[in-house]
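Visitor: Pasting in a structure now, in structure tokens, and then I'll have a few things to ask.
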Amino acid sequence: MQLDYFKLIDRIVDLNIEAKTITVEAQVPQQHTIFEGHFPGFPIMPGVLLTEAMAQSSGWLLLGVTKFARMPFLAMVKEAKMRGFVSPGQLLTIEAKIEHEGSGFAVTSAKGRVGKELKCSADLTFRQIPFPDPSLRVHMDAEAARIGFPPQAMT
Amino acid sequence: MSSTFDQIATIIAETCDIPRDTITPESHAIDDLGIDSLDFLDIAFAIDKAFGIKMPLEKWTQEVNDGKATTEQYFVLKNLAARIDELVAAKTAGA
């Protein structure tokens with residue numbers, strides 16, 4: 001995770017376009033200023049960042065399914081549950097799947113685990129629109145390479 | 001079996017917390033019921049699932065933006081119900 005840049009996903013472990021599922025890993029940093037305030041003496045990942053990590057995982061999945069034709073933007077969070085604490089240094093594994101592909105929107109469900117322990121889950125809705133700026137597409141291409149997005153799933 | 005209108009009225013009432021008895025076939029989803037685009041995503045999701053279709057919201061929106069259709073054609077509920085019936089029929093015919 002590069003928390004300062006809101007890059008929460010480190011690598012794609014599995015992307016199955018046919019099954020419309022993705023598994024990613026996100027290494028929670030051992031140290032970060034966030035943990036100084038959240039919380040002193042008991043550092044844990046904020047729930048909003050766990051939700052964002054689930055959203056980014058879903059977003060990569062949606063990019064794969066649309067072959068980068070459209071950029072997904074988080075629009076709705078439902079049933080967000082922080083089921084257990086996620087601590088500095090832990091490896092978060094997130095699985096997401098597409099529940100519905102609508103016209104201009106999609107709904108996913110996502111779960112985050114540390115080891116076998118379920119830590120968070122949510123149902124997420126995204127608006128999907130053509131890339132609003134070419135520089136965003138360039139950025140996403142670079143990010144895709146960084147996290148090991150399968151090149152064959154990009155076009 | 002409830003009508004298409006009844007089903008979408010129930011979906012709207014439950015999704016947007018609007019009293020069911022205030023929703024009529026003549027209601028305009030946006031102008032009368034005040035449903036915004038985000039709530040409409042929720043409604044579209046529920047309708048898509050309930051009827052096994054994919055409402056072409058983007059196409060409808062584009063037609064309205066291009067002046068080729070009015071919002072009434074798609075968002076007055078009796079008209080929305082008719083569009084849904086057409087989509088279901090087309091899906092059945094293509095199955």
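The values are calculated or read from the model by the stated rules, or taken from the named source; none is laboratory data. Just so you know, these numbers come straight off a predicted model, no measurement behind them. Cβ placement follows ideal geometry from the backbone for every residue including glycine, while neighbour counts extend to all protein chains displayed. These area figures cover heavy atoms from the full protein model, side chains too; ligands, DNA and RNA do not enter into them. Shrake-Rupley method; radii C 1.70, N 1.55, O 1.52, S 1.80 Å.
Visitor: Which condition number in (1) modelled with pLDDT under 95; (2) under 18 Å from A:Ala145 (Cβ atoms); (3) outside any loop (DSSP other than H, G, I, E, B) is the one that A:Glu36 fails?
Guide: (2)
Visitor: A further question on this structure: In the range A:68-113, what residues are farther than 21 Å from A:Phe42 by Cβ, part of a loop (DSSP other than H, G, I, E, B) and in contact with a helix residue (DSSP H, G or I) (Cβ under 6 Å, 6 or more places away or on another chain)?
Guide: Scanning the range A:68-113 gives A:Gly102, A:Ser103, A:Gly104.
Visitor: Mind checking whether some residue in the range A:65-80 is within 24 Å of A:Pro29 (Cβ to Cβ), within 14 Å of chain B (Cβ to nearest Cβ) and out of contact with any Pro (no Cβ under 9 Å at 6 or more places or on another chain)?
Guide: Checking the range A:65-80: at least one residue is within 24 Å of A:Pro29 (Cβ to Cβ), within 14 Å of chain B (Cβ to nearest Cβ) and out of contact with any Pro (no Cβ under 9 Å at 6 or more places or on another chain).
Visitor: Could you list all residues from the range B:51-95 that are open to solvent by 70 Å² or more (accessible area, probe 1.4 Å), touching a Leu at 6+ places or on another chain (Cβ under 9 Å) and among the hydrophobic types (A, V, I, L, M, F, W, C)?
Guide: The answer is none; no residue qualifies.
Visitor: Within the range B:10-40, which residues are outside any helix (DSSP H, G or I) and open to solvent by less than 50 Å² (accessible area, probe 1.4 Å)? Walk me through how you get there before you give the answer.
Guide: In the first step, residues of the range B:10-40 are kept if they are outside any helix (DSSP H, G or I); the result is B:17-19, B:23-36.
Within the range B:10-40, B:Ile18, B:Ile23, B:Ser27, B:His28, B:Ala29, B:Leu33, B:Ile35 qualify.
Visitor: Would the range B:41-49 turn up any residue that is touching a residue at least 24 places away in the same chain (Cβ under 8 Å), more than 14 Å from chain A (Cβ to nearest Cβ) and either in a helix (DSSP H, G or I) or over 11 Å from the mean Cα position of the chain (by Cα) (or both)? Give the steps one after another, and end with the answer.
Guide: Restricting attention to the range B:41-49, the residues satisfying the condition of being touching a residue at least 24 places away in the same chain (Cβ under 8 Å) are B:42-43, B:46-47.
Adding the requirement that they be more than 14 Å from chain A (Cβ to nearest Cβ) leaves none.
No: the range B:41-49 contains no residue that is touching a residue at least 24 places away in the same chain (Cβ under 8 Å), more than 14 Å from chain A (Cβ to nearest Cβ) and either in a helix (DSSP H, G or I) or over 11 Å from the mean Cα position of the chain (by Cα) (or both).
Visitor: If you don't mind, there's one more thing I want to ask. Which ones in the range A:1-28 are surrounded by 14 or more Cβ atoms within 10 Å (Cβ to Cβ) and part of a loop (DSSP other than H, G, I, E, B)?
Guide: A:Met1, A:Leu8, A:Ile9, A:Asp10, A:Ile17, A:Lys20, A:Val28 - these are the residues of the range A:1-28 that are surrounded by 14 or more Cβ atoms within 10 Å (Cβ to Cβ) and part of a loop (DSSP other than H, G, I, E, B).
Visitor: Take A:Leu91 and tell me if it is closer than 18 Å to A:Ile12 by Cβ and within 14 Å of chain B (Cβ to nearest Cβ).
Guide: Values: closer than 18 Å to A:Ile12 by Cβ: yes; within 14 Å of chain B (Cβ to nearest Cβ): no.
It is false that A:Leu91 is closer than 18 Å to A:Ile12 by Cβ and within 14 Å of chain B (Cβ to nearest Cβ).
Visitor: Can you pull out the residues in the range A:47-67 that are in a helix (DSSP H, G or I) and open to solvent by 40 Å² or more (accessible area, probe 1.4 Å)?
Guide: Taking the range A:47-67 and keeping what is in a helix (DSSP H, G or I), we get A:47-65.
Listed by number, the residues that qualify are A:Val48, A:Glu52.
Here is a yes/no grid of residues against (1) surrounded by 13 or more Cβ atoms within 10 Å (Cβ to Cβ); (2) closer than 16 Å to A:Thr66 by Cβ:
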position	(1), (2)
A:Gly102	yes, yes
A:Val107	yes, yes
A:Val114	yes, no
A:Phe126	yes, yes
A:Ser135	no, no
A:Ala145	no, no
A:Phe149	yes, yes
A:Thr155	no, yes
